[in-house]
1. So, restricting to strands (runs of 3 or more DSSP E) that lie completely within the chain, which ones have at least 3 residues that are surrounded by 12 or more Cβ atoms within 10 Å (Cβ to Cβ)?
2. Looking at segment 27-46, is at least one residue among the small types (Gly, Ala, Ser), closer than 13 Å to PRO4 by Cα and modelled with pLDDT of 85 or more?
3. Give all pairs with beta carbons closer than 7 Å in which a residue from segment 67-79 that is over 17 Å from TRP51 (Cα atoms) meets a residue that is open to solvent by less than 80 Å² (accessible area, probe 1.4 Å) and of a type in the set (Val, Ile, Thr); count only pairs at least 6 apart in sequence or on separate chains.
4. Do we find that LYS22 is at positive phi and more than 10 Å from the chain's Cα centre (by Cα) in this structure?
Amino acid sequence: CPAPSSLRTANGTRVCAQLYTKNSPYYDECCAGKSLVVGCGADVPYMPLKWSGSVSSLVVGTRCELTVWSRAGKRGMTRRFGA
């Protein structure tokens with residue numbers, strides 16, 4: 001997985017979090033498959049089409065916090081992730 005401090009887009013913009021579809025019990029095989037980038041300050045109440053229930057690993061950037069909900073529209077239980 002990338003280091004939290006190295007999360008950046010191709011043009012160098014800082015990224016808050018990066019979510020991945022594939023995971024593995026072996027660390028060097030984690031953070032694989034398709035990836036979804038969450039920008040700093042993003043407010044996304046719904047997962048993009050085909051992403052709901054498919055995230056298996058994630059990395060959160062430094063000085064950033066990712067809050068997720070168990071139900072669409074920011075409803076249900078929450079969980080917060082940090083670097």
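The values are calculated or read from the model by the stated rules, or taken from the named source; none is laboratory data. The structure presented is a predicted model; accordingly, all values stated were derived computationally and were not measured. Positions of Cβ are generated from backbone atoms using ideal geometry, with glycine treated the same way; all protein chains shown enter the neighbour counts. With ligands, DNA and RNA removed, areas are computed over all heavy atoms of the protein, side chains included. Shrake-Rupley method; radii C 1.70, N 1.55, O 1.52, S 1.80 Å.
1. It comes to 15-22, 32-39, 57-60, 65-71.
2. Applying the first criterion (among the small types (Gly, Ala, Ser)) to segment 27-46 yields 32-33, 35, 39, 41-42.
The next check asks that each one be closer than 13 Å to PRO4 by Cα; those that pass are none.
No; the residues of segment 27-46 include none that is among the small types (Gly, Ala, Ser), closer than 13 Å to PRO4 by Cα and modelled with pLDDT of 85 or more.
3. Pairs that qualify, where the first residue is over 17 Å from TRP51 (Cα atoms) and the partner is open to solvent by less than 80 Å² (accessible area, probe 1.4 Å) and of a type in the set (Val, Ile, Thr), are THR78/THR67; THR78/VAL68; ARG79/VAL68.
4. Values: at positive phi: no; more than 10 Å from the chain's Cα centre (by Cα): yes.
No, not satisfied.
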